[in-house]
Each structure stands twice: as C-alpha cells, then as structure tokens.
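For reference, the structure is listed below as structure tokens.
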Amino acid sequence: MTSPVLFEACVDSVDSALAAERGGARRVELCDNLVEGGTTPSAGMIEIVRSRLTIPIVVMIRPRGGDFLYDLDELGVMRHDALNAKAAGVAGIAIGFLHDDGTVDADRTRAFVELARPLPVTFHKAFDMTRDLGEALETLVSLGVHRVLTSGGARSVIDGVDELGELVRQSAGRIVVMAGGGVRVENAAHIVESTGVTELHGRAAVRRNSGMTFRNERVRMSMSTTPEEYELMATDELRVREIVSSLK
C-alpha cells in the first residue's frame, strides 16, 4: 500500500539518492553542501543521478550558503544552473529569493517560475526567514509557486507544528505545504496528523566512517566540525524505509 503522504529525501550524492529510492522515497531534492543548508549540485552530479533514478528529482538552485539576498552575478549563475537542470530532465527546481526587509522577492521569484515552466517550483526554507509567514505564503500563491518547504518558521518541524497547521489551513489547496526540518521516524506520523501536510522532507542520514586508513589529524579541509573530517553523512535506506512505513 502506498502512503497518501509523499516523502522527499534531501540528498547530496549518487549513493544517497539511490538509497532514498530503495527505501521508498517518492522524490529527491538533490543538493550539494548540506552543511550550509544546500547549494546547487554540479552538472555531473545532476546527470548521473538523473540517469540512475526512476523517481522525480528536484534540484536546489542556490549559488552559496548564507542569506537569500543575491547580487546580479549570483542571479546570472542561478539562471544558468536552472536552465542546465531543466535541460538535464529534472522534475523541478527549488529556489528562494528575499528582500532585505524579510519579504519574498516577488520579481525574482516570478522570473524563475517562468524560466522553469512547465516544471513546478519549490520555494525552499528561505520561506522560514521571512518576517511574516502568512504574508509570504500569499505572495508565493500569487506567483504560481507549486510548493513551499517549511518548518513553520521554527528551528525544527516539531517546534513549528502549530504554525505549520495554520499554513496548511491557509493554503487551502492552493499551494503544497511540505514539512521539513528534523523529520524523523519518531515524529513523522505525528507531524502529519497534527498539521495535515501531505508531503514530508528529510535527510534520513547516518554517519559513516571514512575508508581512509592513513589520517592526517593536523590538517582540516573543512571549517565545519560537523561531520568530523573522516566521517561522511549519507542517506540511509533503512531510515527512509522506516519513515515511509510509519506513514502508511
């Protein structure tokens, strides 16, 4: 039996994408650099994942970490990346544009909705950085955005569950409200039951030890301490399956 609730796995590698599909995810969001919340994956990554998966792929279009206020050069990069992803045959793109006052940048969002057509557009968790979630939702509806990813403006979905329920009610079927941010097997069913969302988004990842036997502990390639230098975070097939099974 297929659950009426769709689980989208957030992945950053071919291996993680394949694990998500095997585990029962019905869509993946393909990113790079998940330590910073996700950036645009390489053209090679998009091509290979597209050739290996049978489920839909949404590609993150984000040129860097940090805020969602982009200059003209960054915007040009995003246009090229979106067109390349579209040409590669993906099922949609994920974007997020804000003004410096915390409102949705309607002009840039509209331009990318048009650029992506006929593909659907997801407005990612930049939404949670807006000054007024209800106002932002109405703006996205008016622009023809298909889906919004949100934790209800909170650090995690569980903390934002009341606001998520309000957003679902406000959406009234005009836009898909997808819950993401700390979705796990222990809370997935509760989130759905409490809010009425029909789509969940999560990483379902585990730490994997590097295969390196020689390890130079004096040097770091990353400024981040999460994960550790000789650890990898990867989507786990079993965790995906457990989340999907909890929704049936």
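Across segment 154-164, coupling constants 3J(HN,Hα) worked out from phi with the 6.51/-1.76/1.60 Karplus curve, θ = phi - 60°, read 10, 5, 9, 4, 4, 5, x, 4, 5, 5, 4 Hz, and Gly and Pro carry x.
Of all segments of the chain bounded by chymotrypsin sites (Phe, Trp or Tyr not before Pro) found in a DSSP loop with no more than 13 other C-beta atoms within 10 Å, the longest spans 1-213.
In debye to the nearest 20, how big a dipole does the chain give about its Cα centre with +1 on each Lys and Arg Cβ and -1 on each Asp and Glu Cβ? Don't jump to the answer; show the numbers that get you there.
Details: 28 positive and 36 negative charges, 181 e Å.
Approximately 880 debye in magnitude.
When the chain is treated as a Gaussian network with alpha carbon springs shorter than 10 Å, the biggest mean-square fluctuation among 56, 118, 41 belongs to 118.
Whole number please: convex hull volume per residue, Cα atoms of segment 44-100, in Å³. List each step's numbers first, then the result.
Values: hull volume 4.6 nm³, N = 57.
Convex hull of Cα atoms, per residue: 81 Å³.
Once the other residues with Cβ under 14 Å from the Cβ of residue 137 are scored (Lys, Arg +1; Asp, Glu -1), what is the net sum? Before the final figure, lay out the partial values.
Values: positive: 125, 131, 147, 169, 174; negative: 128, 132, 135, 138, 163, 166.
Here the charged neighbours net out to -1.
Here is the list for segment 113-173: trypsin sites (Lys or Arg not before Pro) lying in DSSP coil, each with at most 13 other C-beta atoms within 10 angstrom of its C-beta, are 131, 155.
A straight line joining the Cα centroids of segment 135-207 and segment 39-71 runs 21 Å.
State whether segment 25-141 is rounded, prolate or oblate according to the following rule on the C-alpha gyration tensor (a ≥ b ≥ c being the square roots of its eigenvalues): a/c under 1.5 gives rounded; otherwise a/b larger than b/c gives prolate, and the remaining case gives oblate. List each step's numbers first, then the result.
Working: a/c = 1.71, a/b = 1.60, b/c = 1.07.
Here segment 25-141 falls in the prolate category.
Whole-Hz Karplus values for segment 170-185 come out as 5, 5, 6, x, 7, 8, 7, 9, 9, 8, x, x, x, 6, 9, 4 Hz, taken residue by residue from phi with 6.51 cos²θ - 1.76 cosθ + 1.60 and θ = phi - 60°; glycine and proline positions read x. In segment 1-118, Cα pairs under 8 Å separated by at least six residues give a relative contact order of 20 percent. With helices as the sole contributors, the chain gives -10500 deg cm²/dmol at 222 nm; each DSSP H run of n ≥ 4 counts as -39500 (n - 2.57), and the sum is divided by every residue. Residue 153 sits among other residues whose Cβ lies under 14 Å from its own Cβ, and their net charge, with Lys and Arg +1 and Asp and Glu -1, is -4. Note that segment 9-17 has calculated 3J(HN,Hα) couplings of 9, 8, 10, 9, 7, 5, 4, 5, 5 Hz, one per residue in order, obtained from phi through the Karplus relation 6.51 cos²θ - 1.76 cosθ + 1.60 (θ = phi - 60°); glycine and proline are x. Ordering 150, 102, 53 by the projection of their Cα atoms onto the charge dipole of segment 6-246, which places +1 on the Cβ of Lys and Arg and -1 on the Cβ of Asp and Glu, puts 53 at the extreme positive end. Given the chain reduced to its alpha-carbon atoms as identical point scatterers, what log10 I(q)/I(0) does the Debye formula return at q = 0.10, 0.12, 0.18 Å⁻¹? At q = 0.10, 0.12, 0.18 Å⁻¹ the computed log10 ratios are -0.46, -0.68, -1.50.
Each reported figure results from applying straightforward, stated rules to the coordinates on display, with no laboratory input. Please read all numbers here as calculations on a predicted model, not as lab measurements. Using ideal geometry, Cβ is built from the backbone for each residue, glycine included, and neighbour counts are taken over all protein chains shown.
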